[in-house]
Structures are given as C-alpha cells and as structure tokens.
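Undergrad: Supplied in structure tokens, the structure appears directly below.
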Amino acid sequence: SVLVPTPRVLTQSVFFSGCGDPEVYPRPDGTAYCTGFPDDAVRVTERPGEEEVRDEKVAMIVDSVRAASGRDGALSAEPSLTQACYLPTTPDGIPMMGAIPGKDGCYVAAGHGCWGILLGPGTGETMAALIATGKTTEHVDISWFDPGRFE
C-alpha cells in the first residue's frame, strides 16, 4: 500500500472498477491511503515491521491509482510512504468477533480482510458493548462470527 499526499483533503473513499481495482481511503491530514492487488493468502511468519515491501507491487498500485484518477489528478503525487500490509482473514472467510472460548476476559475481533477499514468503527462499537456489558446491542447479532467455530 502507499500513502499519497493530496492537494486538498479528499472526502470520500473510492473503489475503482477497472485500472486494477485500486482502493483509495482519504485521511483528514491531506493524504490518501491507496491499496490493491492482494496476493493469495499465506500464513504470516514475519514479525511486525519486518514485512517485505515489493517495489513491483508499489508500482502497480501507484500506476493504477494514477490511471484511475488522471495523471495530473488528486492522486498524482509521489507516495510519502510505502508499506506491505497483510489482509487478516480466517479459513472460512468470515471474521471472528467475540469472547475466546476457555480464556476468561479475552476477546478477538479480526479477519475482516479488505473490509476491515470500513467495518472498523462498527466492529469497535460492537466489541466495546460486548466487553463492557457482556452482550452486543440489540441491533447486532455476532453469532455468525463466533471464534469458537474453529475449535
């Protein structure tokens, strides 16, 4: 993924269809987080900060974002940061949210894949309610996301 300075604060996340299907998430500091072209799922062995940033993947993201937004568009600046990011997923592709079986007071909320950025606020609110009160709000049923399904 790359962080690209923008000439103004952008206000909407954009998911392009075509040009490699890049995703753009604006930030309030006048930058945009741009990502795309995920690899197949692998078991992560690197420790945090040891991920390999592959120049060819960075170039693919930058080229696709520029093609989608225009060569002189809001996303045409050189990236201020490049990084490798893993998409946390589960074996069945369904996120885990809830208490960890057999571990009193331990909870998990992970495995949202590429939707983690957008689902983060709702996941956080749901988990906060669960941890603070022992149940989610009346509007949220997390039974499908039970971490115990992997036991």
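The values are calculated or read from the model by the stated rules, or taken from the named source; none is laboratory data. Because the structure is a prediction, the values reported are computed rather than measured. Using ideal geometry, Cβ is built from the backbone for each residue, glycine included, and neighbour counts are taken over all protein chains shown. Protein only, heavy atoms only, side chains kept; ligands, DNA and RNA dropped before computing areas. Shrake-Rupley method; radii C 1.70, N 1.55, O 1.52, S 1.80 Å.
Undergrad: Would you mind checking the tilt of helix 55-69 against the longest principal axis of the Cα atoms of the chain, expressed as 0 to 90 degrees and rounded to 10?
TA: 70
Undergrad: Name the residues whose placed amide hydrogens come within less than 5 Å of the amide hydrogen of Thr31, ignoring near sequence neighbours (fewer than 5 apart) on the same chain.
TA: Counting only residues 5 or more places away or on other chains, the set is Thr6.
Undergrad: Using a 10 Å cut-off on Cβ atoms, rank the peptides 45-51, 116-122 from the highest mean neighbour count down. Working shown, then result.
TA: On the way: 45-51: 8.0, 116-122: 12.9.
So the peptides 45-51, 116-122, ranked by packing, come out 116-122, 45-51.
Undergrad: Can you pull the accessible area of Phe37 for me, 1.4 Å probe, Å² to the nearest 10?
TA: Rounded to the nearest 10, that gives 50 Å².
Undergrad: Mind listing the phi-derived Karplus ³J(HN,Hα) values for region 137-143, rounded to whole Hz, using 6.51, -1.76 and 1.60 with θ = phi - 60°, and x for any glycine or proline?
TA: 5, 5, 8, 10, 10, 9, 4
Undergrad: Now, a different point. What whole-number distance in Å separates the alpha-carbon centres of region 80-151 and region 1-50?
TA: A separation of 21 Å, based on Cα centres.
Undergrad: Per residue of region 76-82, in order, report the coupling 6.51 cos²θ - 1.76 cosθ + 1.60 (Karplus, θ = phi - 60°) as ³J(HN,Hα) in whole Hz, putting x for Gly and Pro.
TA: 8, 5, 5, x, 8, 7, 10
Undergrad: For helix 116-133, report the angle its Cα long axis makes with the longest principal axis of the Cα atoms of the chain; keep it between 0 and 90° and round to the nearest 10°.
TA: 20
Undergrad: Please report, as a whole percent, how much of the solvent-accessible surface of region 50-123 comes from carbon and sulfur atoms (probe radius 1.4 Å). If you can, show how the numbers build up before the last one.
TA: Working: 2480 of 4430 Å².
Looking at region 50-123 in its full context, I get 56 percent from C and S.
Undergrad: Sticking with this one: Given N residues in region 1-42, what is its alpha carbon radius of gyration divided by 2.2 N^0.38 Å?
TA: 1.25
Undergrad: Using a 1.4 angstrom probe and counting only protein chains, how large is the accessible area of Ile131 in Å², to 10?
TA: About 100 Å², ignoring ligands and nucleic acids.
Undergrad: Jot down the per residue volume, in cubic angstrom and as a whole number, of the convex hull over the alpha-carbon atoms of the chain. Kindly include the intermediate steps, with their values, before the conclusion.
TA: On the way: hull volume 22.4 nm³, N = 151.
Hull volume normalised by residue count: 149 Å³.
Undergrad: Per residue of region 8-22, what does 6.51 cos²θ - 1.76 cosθ + 1.60 with θ = phi - 60° give for ³J(HN,Hα)? Whole Hz please, x for Gly and Pro, Karplus curve as stated.
TA: 8, 6, 7, 10, 9, 5, 10, 10, 6, 9, x, 6, x, 6, x
Undergrad: Determine the calculated [θ] at 222 nm for the chain from helices alone, applying -39500 (n - 2.57) to every DSSP H run no shorter than 4 residues and normalising by the residue count; nearest 500 deg cm²/dmol. If you can, show how the numbers build up before the last one.
TA: Working: 2 runs with 33 residues, N = 151.
Using -39500 (n - 2.57) per qualifying helix, the result is -7500 deg cm²/dmol.
Undergrad: Now for a separate question. In whole Å, largest first, what are the principal axis extents of the Cα atoms in region 89-151?
TA: The principal-axis extents, from largest down, are 29, 27, 16 Å.
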